[in-house]
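Every read-out reported here was derived from the displayed coordinates using simple, explicitly stated rules and does not represent laboratory data. Note that the coordinates shown come from a computational prediction; the quantities given were computed from them, not determined experimentally. We place every Cβ from the backbone using ideal geometry, glycine too, and count neighbours over all the protein chains shown.
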Amino acid sequence: MTAARLPNIHACRRYVRSLRLETYASAYELCDQMSSMRNRPINVVEWPLPIPGPMGVWIARERDDVVVVQEAATGNHRDHIVLHELAHILCEHEGVPLPGSGPAFLPTFEDCDENASLVRFRSAYDSSAEREAELLATAFAEQLSDDSATPRVAWDVHRYFSGE
């Protein structure tokens, strides 16, 4: 898929529904599912990226994809960063080649070769690819399950089963 195939949130929601995903409680679980569906590993690495700077980076390597996420990000913010980079992967957005071992702020990977590319820095929304990734990440986030949340059931049914 190339940029602008998912032009709005409605198209992104339809795309997410079409994947027929199992319930997932985190972006990490969704990455595991997408790895299985694509037969290509997606590994998430937390790293002290510079602040200000990119919050997330996707590195496409010969055998896998690596999502580097700002280690200072927490909770829902961290999940959203991972979902944004996952969206770039699924949309197959273009990137720029990594020079040598990459920028000094990125983790060094022993098996990174000359075919690896730095696909996106999540720090600006200046292109249709960035907007598309943000919308798709939002659609994925809407499907996150929260096992700790109080079940949303009718009051009388809840009262009946709780014995109140």
Next item on the list: Along Cα→Cβ, 7 Å out, is where each label goes; now give me the distance between the ones at T74 and Q143 in nm to one decimal.
Entry: 2.9 nm
Notebook entry, point to check: Say each of I51 and R17 gets a label point 7 Å from the Cα, pointing the same way as Cα to Cβ; how far apart are those two points in nm?
Noted result: 3.9 nm
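Just subtract the alpha-carbon distance of Q33 and S128 from 0.36 nm times their residue separation and send over the number in nm, one decimal. Let's see the in-between values first.
Numbers: separation 95, 0.36 × 95 = 34.20 nm, distance 2.60 nm.
Full extension of this stretch gives 31.6 nm more.
Arranged from highest to lowest average of other beta-carbon atoms within 10 Å per residue, in what order do the peptides 63-73, 45-55 appear? Before the final figure, lay out the partial values.
On the way: 63-73: 18.9, 45-55: 14.6.
Highest mean packing first, the order is 63-73, 45-55.
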Next item on the list: Kindly rank 78-89, 33-44 from highest to lowest mean number of other beta carbons found within 10 Å of each residue.
Entry: 78-89, 33-44
Next item on the list: May I ask you to order 23-29, 137-143 by the average number of other C-beta atoms within 10 Å around their residues, highest value first?
Entry: 137-143, 23-29
